[in-house]
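What follows is one structure encoded as structure tokens, with my remarks underneath.
The values are calculated or read from the model by the stated rules, or taken from the named source; none is laboratory data. Keep in mind that what you see is a predicted model, and the values were worked out from it rather than measured. Cβ atoms come from the backbone with ideal geometry, glycine included; neighbour counts cover every protein chain shown. Just so you know, the surface numbers come from the protein's heavy atoms only, side chains and all, with ligands and any DNA or RNA stripped out. Shrake-Rupley method; radii C 1.70, N 1.55, O 1.52, S 1.80 Å.
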Amino acid sequence: MRNLLFALMLPMLVACAGELTSEQYMDRAKDYIGEADYASASIELQNALKLDAGLAEARWLLGGIYLDDGNIPAAEHEFRRAQDLGWSEDDILPALARTSLAQGNLDDVLAMDADGLSAPAAASLLSQQAMAALADGQVEKANTLLAQAESRDADSTEVKLARATLLITAKDYEGALVELDAVIEVAPELDRVWRLRAQALMRLERLEEARDALDKSIEYSRFALADHVARALLNIQFGESEAAQADASVLLEVAPEEPSANYVQGLLHFQNRNYGPAIKSLTAAEAVADEYPVIYYHLATAYQFEQDIELSRKYATQFLSRVPESMPGRKVLAITLIQGGEYSAAPVVLRPLLENAPNDLEALNIMANALLLNDQAYGGLVIYRQMRQLDPEWEIVPLRREARLITGGSGEVASELLGLGDRDPNFPQTEILEILALVEKEDYPCLLYT
């Protein structure tokens, strides 16, 4: 009987011996935080809260982990629970200001009261309020709030970051770098300082240094999607497709539906002439087209290669409505109008371009095509003569070949994509163009047989 009772109680004794207290879970969580193992720390903090939901410190620490992971709503929830449980307002208010600012709740940030906070906490909160005012377009108020923050703690990291942001907004990029370098001296592993440094360097067109700064930001951040996007775009600009694809793969693994990630992938597909996949990715990126209007341009050109003129025109129109000064955008839209038979509309699109760049040979060629197709042969021939004067080596380019030049294709690959050979019929003006070329060359015998 005694052995039976011991056997029945043994599992209970083992369970009791293996169970930790909430304090022990907290100690383990702090150890993990010290080792930068935040995933394990989060598990231990949640274990502690299962045993004691009223642990204010656990709520505070968990909120900080969520904030750095980019889970802003969860961070705000934990910070508010910690506040209800009596955690220090010096910690809570600046943290809540950051979560509200990240969610665009600017009025909530500006309504917070720094009175009663310690000098460092007040400086931090006022800095966040300055950023909220700046985001709301209240630049003067932002400077006033930042001056108040500096009066509380001029050496505060948050103050210096806010000052750098305001300087970037004011286009004083060198001044911003001075502030940021001061922060790097004391907090070299702070991801936000490298992110801002990259922004200032990009404005100064010091792109290699900007990419180095993004490398640091990504290294020190646990949530760096925007930095991966920025670095990928720089790598695309540098022609380093493999490096850009590495960033795109990370982005799509973490957030496959994220529009910016699809934008990067779409650009890479486009560069590789994979127009079908490019269209799929760029269409998934349309939500950020206001930030990256070139998405519409690439969709227009990709559909040009896919020979879907209606959609090419649609996206060319959308692009030009956002970037009316774009010369390539006007050319692509004019080409789609001509291809759709709207010959009189194309010159209207091209005229603003030619007013600013009267010697643009590509635009002149498209204009001449439009005039010839609209039964204005004399006007078209006048333009072709003008082009020959501008460039004696210039040769007549039929419209479809012009289209592939404008849209980024070249040589045999583009010709194959379009299903055209150099001698394939183009539009009715092909014969006129050949005759004009022979006249310009004074090749009269050949002219008789054309």
For D37, D113, D155, write out the residues from largest to smallest accessible area, computed with a 1.4 angstrom probe and no ligands counted. D155, D113, D37
How large a share of the accessible area of the range 207-342, in percent, is made up of carbon and sulfur atoms when the probe is 1.4 Å and the other protein chains stay in place? 50
Cβ-based charge dipole, the range 143-286, positive-most Cα from V178, I279, S151: I279
Report the accessible area of M26, computed with a 1.4 Å probe over the heavy atoms of all protein chains in place, in Å² rounded to the nearest 10. 20
Any idea of the accessible area per residue across the range 123-219, 1.4 Å probe, to the nearest Å²? 46
Between E19 and Q237, what length comes free when the chain is fully extended (0.36 nm per residue of separation minus the Cα-Cα distance, one decimal in nm)? 72.9 nm
Using a Förster distance of 45 angstrom, determine the FRET efficiency expected from the C-beta separation of E253 and A357, and round it to 0.05. 0.55
Taking the Cα centre of the range 254-371 as origin and charging only Cβ (+1 Lys, Arg; -1 Asp, Glu), how large is the dipole, in debye to the nearest 20? 240
Any residue on another chain or 5+ positions along whose placed amide H is under 5 Å from the amide H of D308 is listed here as none
Do any GluC sites (Glu not before Pro) in the range 111-212 lie in a loop, going by DSSP, with at most 14 other beta-carbon atoms within 10 Å of their beta carbon, and if so which? E189, E205
Note down the magnitude of the dipole of the range 87-199 about its Cα centre, charges +1 on Lys and Arg C-beta and -1 on Asp and Glu C-beta and zero elsewhere, to the nearest 20 debye. 360
Would you check the accessible area of F223, probe 1.4 Å, heavy atoms only, in square angstrom rounded to 10? 100
Which order do K171, K331 take by accessible area at a 1.4 Å probe, largest first? K171, K331
Which of the lysines could a cross-linker span from K280 if the Cα-Cα distance has to be under 17 Å and same-chain partners fewer than 8 positions apart are dropped? K314
Row for the range 182-254, column shape: gyration tensor on C-alpha, a ≥ b ≥ c, rounded if a/c < 1.5 i.e. under 1.5, prolate if a/b over b/c, else oblate; value oblate
With a 1.4 Å probe and all protein chains kept in place, how much accessible area does V139 have, in Å² rounded to the nearest 10? 70
